[in-house]
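Working notes, beginning with the structure itself.
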Amino acid sequence: MKRSQGDSVHKETQVDQDHLKIVQFYREKMNLQPLHSALRSFNVQDGARMSGVYEICRNNEIIYIGGNPYFSNIRDCLNAHFSGNDGLPIGRYLSGPGKRRWRNIAVRWLTCLNPPEIVYYLLEDYQIRHGRLPIYNNAPNPDARDWDSD
């Protein structure tokens, strides 16, 4: 029996809607997590010693979404970012020009078993809402003047 083109379109639409529900689920779950000042995030307890995903915000705007690789935890990743030992633009910012602005930086995290998958959903949600990725999830443009400004 041959499928009609309408069945195929309906099935794709359903898959897209189901996918968007997953994306929205993780965004809502992350939004429920408390924001912690960067000045205190190094003393975090509870889930920060587990695997998961996290968002770094500057003046209440998400500037980086990340997740810990296997065999590490959220706290270790945050320490690497804030010390600049991560080799990433976010680390260069937080340990360089952003260091004097830590009072404007906050972090929230969500523990989970598969951080790369959840980071993907959170980045997709951000891109849908803003038309781009968070500034430090992109390679910086050295000519951009707002790369390290508040």
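The values are calculated or read from the model by the stated rules, or taken from the named source; none is laboratory data. What you are looking at is a predicted structure, and each value in this text was computed from that prediction instead of being measured. Note: ideal-geometry Cβ built from the backbone for every residue, glycine included; neighbour counts use all protein chains shown. SASA here: full protein model, heavy atoms, side chains in, ligands and nucleic acids out. Shrake-Rupley method; radii C 1.70, N 1.55, O 1.52, S 1.80 Å.
I'm trying to understand the selection: among the residues of the stretch 28-49, which are surrounded by fewer than 17 Cβ atoms within 10 Å (Cβ to Cβ), part of a helix (DSSP H, G or I) and at pLDDT 95 or above?
Glu28, Lys29, Asn31
With (1) open to solvent by 50 Å² or more (accessible area, probe 1.4 Å); (2) modelled with pLDDT of 85 or more as the list, and Arg58 as the residue in question, which single condition is left unmet?
Every listed condition holds for Arg58 apart from (1).
Would you please list the contacts, defined by Cβ atoms under 7 Å and residues six or more apart or on different chains, that run from a residue in the stretch 93-120 that is closer than 13 Å to Ser37 by Cβ to a residue that is of a type in the set (S, T, N, Q) and exposed (fewer than 14 other Cβ atoms within 10 Å of the Cβ)?
Between residues of the stretch 93-120 that are closer than 13 Å to Ser37 by Cβ and residues that are of a type in the set (S, T, N, Q) and exposed (fewer than 14 other Cβ atoms within 10 Å of the Cβ), the close pairs are Asn104/Asn59; Ala106/Ser37.
Looking only at residues that are at pLDDT 90 or above, small (Gly, Ala, Ser) and farther than 18 Å from Arg49 by Cα in the stretch 80-131, which one is least open to solvent (accessible area, probe 1.4 Å)?
Gly91
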